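Before any comments, here is the structure.
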Amino acid sequence: MGTKTEYEKPYEDLIGFVPPRIQNRIRLGLEVDPELLAQTEQIRKTAMYPKCFDVKTAQLMLVGILLANVAPGAEFHARAAKRSGATKEELHAVAGLAFLFRGLPAFNLASEIINKIFDEDN
């Protein structure tokens with residue numbers, strides 16, 4: 001079983017910080033069921049880093065999936081994609097793909113996220 005720091009490090013490496021929901025899941029898991037937390041994090045690691053895709057590609061795919069569900073978590077994966085080398089144009093293209101199947105709500109969320117994470121550079 002891992003420690004709080006060990007569980008948070010992959011998120012810090014990927015996104016740059018640990019999102020609040022993840023912090024809460026780790027905290028509760030360590031307190032209530034460390035074995036389930038360890039299993040969950042192992043499955044997440046296996047699925048998040050498939051051997052056939054580089055990190056940027058996997059993160060762009062996750063952004064598209066989350067945008068198609070108009071899920072706020074798309075922001076964290078957009079940040080991870082950017083940290084992995086994705087450009088504003090690539091993220092916009094993913095947003096366009098999500099638009100095809102989810103419409104303007106997905107495109108609007110994507111635009112908000114993309115502008116937010118790239119504006120932080122200025």
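Couple of notes before you dig in:
- Some residue of the range 46-59 being surrounded by 13 or more Cβ atoms within 10 Å (Cβ to Cβ) and either at positive phi or of a type in the set (Gly, Ala, Ser) (or both): yes
- Residue in the range 87-94 that is among the small types (Gly, Ala, Ser), outside the structural domain of residue 15 (by TED's automatic domain parsing) and touching a helix residue (DSSP H, G or I) at 6+ places or on another chain (Cβ under 7 Å) present: no
- Some residue of the range 50-67 being in contact with a Ser or Thr (Cβ under 6 Å, 6 or more places away or on another chain) and of a type outside the set (A, V, I, L, M, F, W, C): yes
- At least 3 residues being more than 16 Å from the chain's Cα centre (by Cα), more than 23 Å from residue 20 (Cβ to Cβ) and in contact (Cβ under 8 Å) with a residue 12 or more places away in the chain is the threshold, and among the helices (runs of 4 or more DSSP H) wholly inside the range 30-118 those reaching it are 88-102.
- A count restricted to the range 26-52 and to residues that are within 15 Å of residue 6 (Cα to Cα) and of a type in the set (Ser, Thr, Tyr) stands at 1.
The values are calculated or read from the model by the stated rules, or taken from the named source; none is laboratory data. Treat the numbers as computed from the prediction; the structure is a model and nothing was measured. Ideal geometry is used to build each Cβ from the backbone, glycine not excepted, and the neighbour counts take in all protein chains shown.
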